[in-house]
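Structure, as structure tokens:
Rule-based calculations on the coordinates, nothing more; no lab input. Here the structure is a predicted model, which means the values were calculated and not measured. Glycine also receives a Cβ, built like all others from the backbone with ideal geometry; neighbour counts cover every protein chain displayed.
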Amino acid sequence: MLIGGASFASVVRPEASLADEAAKPYPQYGLQDQFKLSDYEDMRDDKERTLKYELAIKRRLEMTSQKLTVLDLGTGAFALLAIQAARAGAKKVYAVEREAWAAQAARQAVADAGLEDTIVVIEGDSTSVKLPEKVDLIVSEIIGNTATGEGVVDIIRDARKRFLKECESKIICDARKRFSGAKMIPARCKTLVAPISYRYHKLKGSQREFRLDSMTKDLLFLSKPQVLENFEFEEPQKIKGVKASDLTENAKLLFPVPAQIAEQGGEFSGFAFWNRIELDEDNVIEVKGKPSHWPFVVLLTEEQPKPIPVGAQIELISDVDVSAGKFGSYKFKGELVA
Ligand SMILES: C[S@@+](CC[C@H](N)C(=O)[O-])C[C@H]1O[C@@H](n2cnc3c(N)ncnc32)[C@H](O)[C@@H]1O
């Protein structure tokens with residue numbers, strides 16, 4: 001039984017949700033599209049992220065005696081992953097960056113590291129540049145505040161098709177995957193979601209999405225998280241939660257609320273969304289409850305906090321089209337059901 005519902009709250013582009021707690025107007029597209037130097041510094045200084053990438057890249061490059069050719073897709077101002085790959089023994093690294101100033105800064109970073117013989121910085125959008133040769137491994141970090149929010153699906157599909165060395169046959173390909181390691185880092189990225197009660201909901205009272213620090217104490221999680229999206233880099237045709245054919249999904253997730261939460265007066269505000277990035281089987285970047293430059297994206301689907309009757313469940317209805325427009329379209333509706 002439907003207890004109450006909100007109209008669809010639209011998150012046109014979750015990763016651009018820069019409305020902070022001071023409630024700035026909802027930004028139009030643009031910020032994460034053009035990173036500032038301080039954004040690259042925040043990413044570099046995100047210890048968990050940078051160290052785990054380094055470990056995963058090293059692990060992969062040391063897995064085979066053969067020296068690998070690598071593409072760092074979206075190398076950023078510090079050519080961070082490209083330098084990690086070169087230091088881990090890559091034969092050649094092509095570091096592609098679409099922002100002209102960042103590509104120039106990346107060239108300087110490569111020179112400062114003394115790696116100009118190994119790393120070639122190429123300025124341009126990966127979907128339109130050409131590489132001098134095909135590569136064995138693609139590393140990237142083009143993951144927004146939610147898994148698909150920076151256009152990773154279309155970018156990776158294109159990059160795999162045009163830049164990866166082809167296998168002689170499926171058997172060789174499968175064997176290579178098993179014995180010689182992956183061709184993609186990360187292996188997959190997920191958007192997790194859970195219903196929440198937000199401490200300052202009454203003050204905020206709006207449906208607009210905003211970001212909260214990954215360590216915030218202002219959210220009470222009303223149920224265990226579930227996977228909203230799972231994008232597999234090795235098999236980019238498969239994306240759980242989003243239909244492969246048109247990348248559009250009207251999915252429903254049902255969250256049971258423990259009786260204790262309802263009995264203690266827990267109230268439903270909306271949903272929190274966050275990333276889990278699985279670089280390889282050993283190196284997984286968790287965002288929830290860890291220091292991270294990635295935040296929670298919070299969407300208040302209710303105008304005001306809503307009391308949760310004992311035994312009620314919370315339903316999330318999502319209408320997602322990751323390929324809509326430039327940045328995809330993300331719309332969500334929450335409902336309390338008995
Ligand atoms: C989140 S930053 C990561 C930077 C760096 N790889 C790191 O890990 O610190 C993503 C970078 O990818 C670039 N980028 C995103 N899509 C791209 C594309 N299709 N082609 C080239 N660069 C792209 C952005 O301009 C940005 O510099």
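Quick notes on this one:
- Distance distribution note for the range 37-185: the fraction of Cα pairs above 22 angstrom is 36%.
- Note on the range 263-319: Cα-Cα pairs beyond 14 Å make up 67% of the total pair count.
- 3J(HN,Hα) along the range 88-95, derived from phi through the Karplus expression 6.51 cos²θ - 1.76 cosθ + 1.60 where θ = phi - 60°, amounts to 7, x, 4, 6, 8, 10, 9, 10 Hz, with x in place of Gly and Pro.
- Cross-link partners of residue 52 among aspartates and glutamates (Cα-Cα below 13 Å; sequence separation of 8 or more within a chain): 141, 278, 280, 281, 282, 286
- Environment charge at residue 162 (Cβ cut-off 9 Å; Lys +1, Arg +1, Asp -1, Glu -1): +3
- Too-long pairs where the Cα-Cα distance tops 31 Å, listed order kept, from 134/190; 47/67; 36/252; 190/217; 130/331: 36/252; 130/331
- Sequence ranges 51-59, 142-150, ranked by mean other-Cβ count within 10 angstrom, highest first: 142-150, 51-59
- Taking only alpha carbon atoms, the range 290-338 gives an Rg to Rh ratio of 1.08, where Rh is the Kirkwood radius.
- Gyration tensor (alpha-carbon) shape descriptor, the range 101-146, a/c threshold 1.5: oblate
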